[in-house]
Amino acid sequence: RNRAKKKKTTSISNSLIHTSMAHQVQKNTLYVGGLAEEVNETILHSAFIPFGDIKDVKTPLDQATQKHRSFGFVTFLEKEDAAAAMDNMDNAELYGRVLTVNYALPEKIKGGEQGWAAQPIWADADTWFERQQQEEEMQRIQAENRATMEAAEELHRKKLAEEREGEKDDDSGSKNDPMAVAEAEALRQNDS
């Protein structure tokens, strides 16, 4: 019983892994590896056209040598055509080299739609400078806010101190005021 349960769990987890991997691959785009130097996009197109209509063929170039990097991508209009091409062309020979053909993984481009590879190395300098300016502006505003808050607190403390002094003055002023003294004495006499 335990073995049967374990096998079921394994097959479920394997199917989940398969499902998650299926979402990552592009079913109509094939990765073609092991290309000979002589192979160009036209030759690659000609080798894969028997399997169905092709939407696009790309062989990424090495920037230094301006030659392809021994791999390419073939995008078919139909998924079934891509599957047939992969089944027939994987481990096939083209210009004396054995090909590796698999579903292509989605392209991961760094730096947005254009990608960092398409931008010069100093392209990030402008955004860095802008971020520095924004950060300095934020620090300046925060310093102004702190100074304003400190000034407001100091003003509040002074007002409280003045009010306390005013209350003391009111008490001492009534003792020195002859009218207040006469009234207080008259009240005492009436109470007695």
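Could you check segment 32-82 and list, in sequence order, the residues that are over 12 Å from LEU94 (Cβ atoms), among the hydroxyl-bearing types (Ser, Thr, Tyr) and open to solvent by 60 Å² or more (accessible area, probe 1.4 Å)? Within segment 32-82, THR42, THR65 qualify.
Each residue in segment 52-83 was checked for being out of contact with any Asp or Glu (no Cβ under 9 Å at 6 or more places or on another chain) and either part of a helix (DSSP H, G or I) or among the polar types (S, T, N, Q) (or both), and 7 of them qualify.
Take GLN63 and decide whether it is at pLDDT below 90 and assigned by the TED database to the domain that holds GLU37. Criteria met by GLN63.
The values are calculated or read from the model by the stated rules, or taken from the named source; none is laboratory data. Just so it is clear, the model here is predicted, and its values are computed rather than measured. Reconstructed Cβ throughout: ideal geometry from the backbone, glycine too, with neighbour counts over all protein chains shown. To get the accessible areas, we keep the full protein, side chains included, count just its heavy atoms, and leave off ligands, DNA and RNA. Shrake-Rupley method; radii C 1.70, N 1.55, O 1.52, S 1.80 Å.
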